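Comments concern the structure below.
Only the coordinates and a few stated rules stand behind these numbers; no lab work does. Note that this is a predicted model, so its numbers are computed, not measured. Here the Cβ is made from the backbone with ideal geometry for all residues, glycine too, and neighbour counts use every protein chain on show.
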Amino acid sequence: MAWLTQLFDAAQQWLFEAVVQPVLFALGQAGVLEDAYAATGWLLVGLLQLAVMLVVIAPLERWRPVEPVVDRAAIRTDVLYTLIHRLGVFRLVLFFSVEPLWDGLFGALRIQGLSTFQLDGLWPGVTDRPLVSLLLYLLVFDCADYAIHRAQHRWDWWWRLHALHHSQRQMTMWSDSRNHLLDDLLRDTLLVFVAQAIGVAPGQFIAIVALTQLSENLHHANLRLGFGALGDRLWVSPRFHRLHHAIGDAGVPAAEARVPPGCNFGVLLPWWDMLFGTANFDRRYEPTGVSDQVRPGPDGRLRDYGRGFWRQQWRGLLRLAGRA
């Protein structure tokens, strides 16, 4: 574990000195070098994730696809979403908008003598070991992610944004990042709050985010793969998550749906679905999308979620305002 950290630190240092630092000096931005070094870590994680996606997950999709690829334009748009998130563009927005707010809030609380809860201090000598604390933080984050995901589907105003993620009829490993930017901002704001509240170290936070994102790339993949009766109950599989994206799961009354509405919200672990009664382990691979894409609404029309990044973002805002 230590050697991996050392290798990552060495690669981050090289990338910063060879690429990022010269660019900042050329732009006259030497005053942000410290923050830029931290951002370089996110950039490096994103590049490593893209490498794993292309080298590992993409061949799996070609090996056992659920369905043929018929809409490459939609997939190219999802690639753009992924690059925005993995190459640090969205992270920069968070850094300049959300994180300073939480830093200020928790800093003010500490000045008043109110410290945050340190989860790794529960059992000194055990929970403060790097691997154990990482697993604890991962468990807490996944539980929070499950609750957030339930809210995205339950609260109508949030669903109007989150529906964009479900509107992809051609699911692939790139589909994970296909979200309205406001939807992502809300979710990540809450997760940053959780990280601050339980005392997650920056390095561990990066590791948790990286592991979560890569796993989500896998279980959004166009891949006919389950982990077996036991494995599907230990970690979310592509088959388990595809049922969550099934058209029958997104907005169709239970009497009309082949898949019970509101199932398989787990991000990494299916345990929360099992605990709260939302797990569905059926061994089916359903078509994906939102019901109003294939079933006309009261006005006799199908809903248009947009083609292309900017149109999808704009139509999400219109839905939020009740005008689409």
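Here are the numbers:
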{"read-out": "Ordering of 52-65, 209-222, 151-164 by burial proxy (mean other Cβ atoms within 10 Å per residue, highest first)", "value": "209-222, 151-164, 52-65"}
{"read-out": "Of Ala246, Ala36, Ala195, the one that fluctuates the most in a GNM where the chain has Cα springs shorter than 10 Å", "value": "Ala36"}
{"read-out": "Cα gyration tensor shape for the range 149-196, rounded if a/c is under 1.5, else prolate or oblate", "value": "oblate"}
{"read-out": "Theoretical ellipticity at 222 nm over the chain - DSSP helices of four or more residues, -39500 (n - 2.57) apiece, nearest 500", "value": "-18000 deg cm²/dmol"}
{"read-out": "Top of Gln196, Gln21, Gln313 by mean-square fluctuation, Gaussian network on the chain, Cα under 10 Å", "value": "Gln21"}
{"read-out": "Kyte-Doolittle mean at least 0.5, axial Cα span of 24 Å or more - DSSP H helices of the chain", "value": "33-52, 130-154, 181-198, 202-219"}
{"read-out": "Among Leu138, Leu302, Leu185: highest mean-square fluctuation, GNM of the chain, C-alpha pairs under 10 Å", "value": "Leu302"}
{"read-out": "Within-10-Å neighbourhood charge of Asp232 [Cβ basis; K, R +1; D, E -1]", "value": "+3"}
{"read-out": "Option label - Cα extents along the principal axes in Å computed here, alternatives [x] 57, 48, 45; [y] 73, 43, 34; [z] 105, 81, 37", "value": "[x]"}
{"read-out": "Relative contact order [Cα under 8 Å, 6+ residues apart], the range 119-206, whole percent", "value": "25"}
